[in-house]
Structures are given as C-alpha cells and as structure tokens.
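Taking it in order: structure first as structure tokens, then the write-up.
The values are calculated or read from the model by the stated rules, or taken from the named source; none is laboratory data. Everything numeric in this text was worked out from a predicted model, so none of it was measured. In this analysis, Cβ positions are derived from the backbone assuming ideal geometry, glycine residues included, and neighbour counts consider all displayed protein chains. To get the accessible areas, we keep the full protein, side chains included, count just its heavy atoms, and leave off ligands, DNA and RNA. Shrake-Rupley method; radii C 1.70, N 1.55, O 1.52, S 1.80 Å.
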Amino acid sequence: MGTFADGSATNLACPQARAILAIASTPAAGTRLSQARIASALRCAGRQRGIDTLAAHIHQTLRIA
C-alpha cells in the first residue's frame, strides 16, 4: 500500500480506504463522521500505528471537502 509521509493512504483499494469509504460513501456522510468513528474504522481495517493522527487528518480533510 502506498502512503504519504503523514501515513494517509494513496491507494483506494487498500483496506483502510475501503473502511472509510464504507462509512462515508457520500461527501455529506463524510462531513458527519467523528474522528473517533474514523479511528475505529481504521482499527477494524487493520491499522496499528498512527491511528489518531491519521484519523485527525482524514476528519479535517472530509470537513474541507
């Protein structure tokens, strides 16, 4: 799986990206996600390190979009 320096996934086929897309299938659904819900999805997808940092980054990104 390719990642940016901050640990975010660049491959939409990776388990982490699929887990986020499963709970935020639309932009409107993404803006309503909490950081805790995102972190939980990342854990369920198998992420073990940097979960809170990545969840915060995804949460912020979804709010902007």
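Pairing each residue of the range 10-39 that is open to solvent by 80 Å² or more (accessible area, probe 1.4 Å) with any residue that is in a loop (DSSP other than H, G, I, E, B), provided the two are 6+ apart or on different chains, yields C-beta distances under 9 Å for ARG18/LEU12; ARG18/ALA45; LEU21/LEU12; PRO27/ALA65; ARG32/ALA24. Of all residues in the range 44-64, those satisfying the criterion of being open to solvent by less than 100 Å² (accessible area, probe 1.4 Å) and either touching a Lys or Arg at 6+ places or on another chain (Cβ under 9 Å) or closer than 16 Å to ALA29 by Cβ (or both) are ALA45, ILE51, LEU54, ALA55, ILE58, HIS59, THR61, LEU62. Residue selection: ALA22 satisfies the criterion of being out of contact with any strand residue (DSSP E or B) (no Cβ under 9 Å at 6 or more places or on another chain) and at pLDDT 90 or above. Out of the range 7-26, which residues are part of a helix (DSSP H, G or I) and out of contact with any Leu (no Cβ under 8 Å at 6 or more places or on another chain)? The answer is PRO15, ALA17, ALA22.
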